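Novice: Dropping a structure here in structure tokens format, bear with me for questions.
The values are calculated or read from the model by the stated rules, or taken from the named source; none is laboratory data. For clarity, every value in this text was computed on a predicted model and none was experimentally measured. Positions of Cβ are backbone-derived with ideal geometry, glycine not excepted, and every protein chain shown enters the neighbour counts. Surface areas here come from the heavy atoms of the whole protein model, side chains and all, with no ligands, DNA or RNA. Shrake-Rupley method; radii C 1.70, N 1.55, O 1.52, S 1.80 Å.
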Amino acid sequence: MPPAAREHLLTNATADRYLRTVTDGAARVAARIAGTDRPFTGITPEHLALEVATADLDRPLGDAAAALDELNDVYLRDAVYFHHPRYLAHLNCPVVIPALLGETVLSAVNSSLDTWDQSAGGTLIEQRLIDWTARRAGLGPLADGVFTSGGSQSNLQALLLAREEALAASGPPRAETLPRLRVLTSAAGHFSVQKSAKLLGLAPDAVVTVEVDADRRMRPAALDRAFERCRRDGLTVMAVVATAGTTDFGSIDPLPEIARRCAAAGVWLHVDAAYGCGLLASRTRRHLLDGIERADSVTVDYHKSFFQPVSSSALLVRDGRALRHATYHADYLNPERTVAERIPNQVNKSLQTTRRFDALKLWMTLRVMGADAIGELFDEVVDRAAAAWSLLSEDPRFEVVTRSQLSTVVFRYLPTGPGRAYADEANLHARAALAASGDAVVAGTTVDGRHFLKFTLLNPETTIDDIAAVVELVAEHADRYVERAIGPMPACTAS
């Protein structure tokens, strides 16, 4: 007979059941990961959707073991496994075990990080980690921040603060100023800047993209021109968004030059370091973030380059007083009197109310491994990307865009002779064929209107031999596509 409903609750009476159930689940995941020989099965959405649709959610299976059996078929068997060394696609990292221990603890205790009376020590741990990260970034003694769900939310909140600061500084009424606000950002920056502008009620053309150089870094001279155009047109630049680690190219904008221009213009500088924040822990590459200490706000994604499970991110601000723009007081939750009583309610800084204790994962990671170990792992993937760039740039079958400052490599296969006309289609096919085979997963993007492939390296276990093997698979799939299109290709060997 299945247990009664309340027997499923985690209480002092069911702690043993909780331990057995979670241990069984962890054992199954461990076995699956230990036996995974490729990053993906290649299953199609249509096929998997049919399997998921067969689960009758109105008829429970009755016990966790049966549910885990079913979960194997609808999820675990066909999941995309980021820990596999030939997963080379997106900014998804393998995760460190101390963080998974933290995940286990935080899920069971289920603290909500909005108010002190729901989280107590969790509030203090999160604040300590914010202070630690801000200190690593060099933001100064007034710095503050809050954990977020990810880089997009951090960028949204940063631009909210910038908008409110710009409106407060303007003379005309808010309704007149809002349509004239502009955000300047790199042409290689993240799409969340545009999305944030829309959510913040800015004009459809509020985001102005700034030209980048051959290395996909914002050109300071182009930023000067954008400032001048806005001034000439009677527009107000409310923020400049610089990027420390673009998603496609791993490029880092020239932060000192940009910071100098923002300071001279009195404009909010936000640095999106969602990807590049791992450099904060590097003992050899920290200098690549020089200038970040002059930012007014910074986005960091620990779940990218600190090897944390999703989600684990934060927004930092150089002057904590700016966070007041996200503060609202509710009598039932965080009444104003709690400010005078110095009760630390994190909801006063956050766009969210109920919020997971995701900071615990990073806390456990630092307490078990330490920051230097995280930096070493991140340095490894950056080194591996450099080796992959060399491998591809020396191979006449491939075109490589630029050498990343972080761990991405953007490239494409170039057929010879008449096959060159099919380069876009051949690369699109190679990516899809790789995923369908499950042998490897790579990403794709467009550069100057052409289709390219992308390696995003975040797994220290990925070797140059893994990369070389995937390169050969790309060439084979692309060649087969071209041969079907125009006939056999002339031989071309790597130098």
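One line per residue, one yes/no per condition, for (1) surrounded by 12 or more Cβ atoms within 10 Å (Cβ to Cβ); (2) within 27 Å of the chain's Cα centre (by Cα); (3) at pLDDT 95 or above; (4) at negative phi:
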site: Lys198; (1), (2), (3), (4): yes, yes, yes, yes
site: Pro220; (1), (2), (3), (4): yes, yes, yes, yes
site: Arg225; (1), (2), (3), (4): yes, no, yes, yes
site: Glu228; (1), (2), (3), (4): no, no, yes, yes
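Novice: Let me spell it out: the conditions are (1) in contact with a helix residue (DSSP H, G or I) (Cβ under 6 Å, 6 or more places away or on another chain); (2) open to solvent by 20 Å² or more (accessible area, probe 1.4 Å); (3) not acidic (Asp, Glu), and Gly140 meets all of them except one. Which number is the exception?
Specialist: Failed condition: (1).
Novice: I've got another one for you. Restricting to region 414-436, count the residues that are out of contact with any strand residue (DSSP E or B) (no Cβ under 8 Å at 6 or more places or on another chain), farther than 12 Å from Ala485 by Cβ and open to solvent by less than 30 Å² (accessible area, probe 1.4 Å).
Specialist: The total comes to 1.
Novice: Could you pull out the residue among Gly35, Gly25 that is more than 23 Å from Ala108 (Cα to Cα), open to solvent by less than 70 Å² (accessible area, probe 1.4 Å) and out of contact with any Cys (no Cβ under 8 Å at 6 or more places or on another chain)?
Specialist: Working: Gly25 fails: more than 23 Å from Ala108 (Cα to Cα).
The match here is Gly35.
Novice: Against the condition on the phi < 0 side of the Ramachandran plot, among the aromatic types (Phe, Trp, Tyr) and buried (at least 23 other Cβ atoms within 10 Å of the Cβ), how does Phe147 come out, does it pass? Even if it seems obvious, please write down each step before you answer.
Specialist: Values: on the phi < 0 side of the Ramachandran plot: yes; among the aromatic types (Phe, Trp, Tyr): yes; buried (at least 23 other Cβ atoms within 10 Å of the Cβ): yes.
Yes, satisfied.
Novice: Kindly state which helices (runs of 4 or more DSSP H) lie completely within region 106-203 and contain at least 1 residues that are among the charged types (D, E, K, R), within 30 Å of Phe249 (Cα to Cα) and in contact (Cβ under 8 Å) with a residue 40 or more places away in the chain. Lay out the reasoning, then the answer.
Specialist: Working: elements: 116-119, 121-137, 151-169, 174-177, 192-199.
Qualifying helices (runs of 4 or more DSSP H): 121-137, 151-169, 192-199.
Novice: When you scan region 87-137, how many residues do you find that are buried (at least 18 other Cβ atoms within 10 Å of the Cβ) and of a type outside the set (Val, Ile, Thr)?
Specialist: Qualifying residue count for the region: 25.
Novice: Say we look at region 37-88 and pick out the residues that are assigned to a helix (DSSP H, G or I) and among the small types (Gly, Ala, Ser); which of these is nearest to Asp465 (Cα to Cα)?
Specialist: Here the residue is Ala49.
Novice: So if I check each of His47, His84, which one is farther than 30 Å from Leu333 by Cα and surrounded by fewer than 17 Cβ atoms within 10 Å (Cβ to Cβ)?
Specialist: On the way: His84 fails: surrounded by fewer than 17 Cβ atoms within 10 Å (Cβ to Cβ).
Within the list His47, His84, the selection yields His47.
Novice: Same structure again: Looking at this structure, is Gly102 in a helix (DSSP H, G or I), farther than 17 Å from Val310 by Cα and not hydrophobic (A, V, I, L, M, F, W, C)? Let's see the steps before the verdict.
Specialist: Working: in a helix (DSSP H, G or I): yes; farther than 17 Å from Val310 by Cα: no; not hydrophobic (A, V, I, L, M, F, W, C): yes.
It is false that Gly102 is in a helix (DSSP H, G or I), farther than 17 Å from Val310 by Cα and not hydrophobic (A, V, I, L, M, F, W, C).
Novice: Provide a single number: the residues in region 365-390 that are out of contact with any Lys or Arg (no Cβ under 9 Å at 6 or more places or on another chain) and open to solvent by 50 Å² or more (accessible area, probe 1.4 Å).
Specialist: 6
Novice: While we're here: Can Ser407 be described as open to solvent by 30 Å² or more (accessible area, probe 1.4 Å), in contact with a Gly (Cβ under 7 Å, 6 or more places away or on another chain) and on the phi < 0 side of the Ramachandran plot? Write out each step before concluding.
Specialist: Values: open to solvent by 30 Å² or more (accessible area, probe 1.4 Å): no; in contact with a Gly (Cβ under 7 Å, 6 or more places away or on another chain): yes; on the phi < 0 side of the Ramachandran plot: yes.
Here the answer is no, as Ser407 does not meet what is asked.
Novice: Tell me, which residue of region 150-172 that is of a type in the set (S, T, N, Q) and under 27 Å from the mean Cα position of the chain (by Cα) is most open to solvent (accessible area, probe 1.4 Å)?
Specialist: Step by step, filter region 150-172, then rank; the result is Ser152.
Novice: Ok, one more. Test of understanding: among Leu9, Leu61, which residue is of a type in the set (A, V, I, L, M) and surrounded by 12 or more Cβ atoms within 10 Å (Cβ to Cβ)?
Specialist: Numbers: Leu9 fails: surrounded by 12 or more Cβ atoms within 10 Å (Cβ to Cβ).
The match here is Leu61.
Novice: Sort out which residues of region 12-46 are farther than 30 Å from Val80 by Cβ and touching a helix residue (DSSP H, G or I) at 6+ places or on another chain (Cβ under 9 Å), and write them in order of number.
Specialist: To start, the set of residues in region 12-46 that are farther than 30 Å from Val80 by Cβ comprises 12-17.
Of everything in region 12-46, those that are farther than 30 Å from Val80 by Cβ and touching a helix residue (DSSP H, G or I) at 6+ places or on another chain (Cβ under 9 Å) turn out to be Ala13, Thr14, Arg17.
Novice: Please note which helices (runs of 4 or more DSSP H) are completely contained in region 333-439 and include at least 2 residues that are under 25 Å from Leu289 (Cα atoms) and free of Cβ contacts under 8 Å to residues at least 12 places away in the same chain. Explain how you work it out, then say what you get.
Specialist: On the way: elements: 337-340, 359-368, 371-393, 423-437.
Passing ranges, in order: 371-393.
Novice: Report whether or not Gly245 is in contact with a Gly (Cβ under 6 Å, 6 or more places away or on another chain), in contact (Cβ under 8 Å) with a residue 60 or more places away in the chain and on the phi < 0 side of the Ramachandran plot.
Specialist: Numbers: in contact with a Gly (Cβ under 6 Å, 6 or more places away or on another chain): yes; in contact (Cβ under 8 Å) with a residue 60 or more places away in the chain: yes; on the phi < 0 side of the Ramachandran plot: no.
In short, no.
Per-residue answers, yes or no, for (1) at pLDDT 95 or above; (2) farther than 28 Å from Ser152 by Cβ:
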residue: Ala27; (1), (2): yes, yes
residue: Glu46; (1), (2): no, yes
residue: Ala49; (1), (2): yes, no
residue: Val80; (1), (2): yes, no
residue: Tyr87; (1), (2): yes, no
residue: Val96; (1), (2): yes, no
residue: Gly102; (1), (2): yes, no
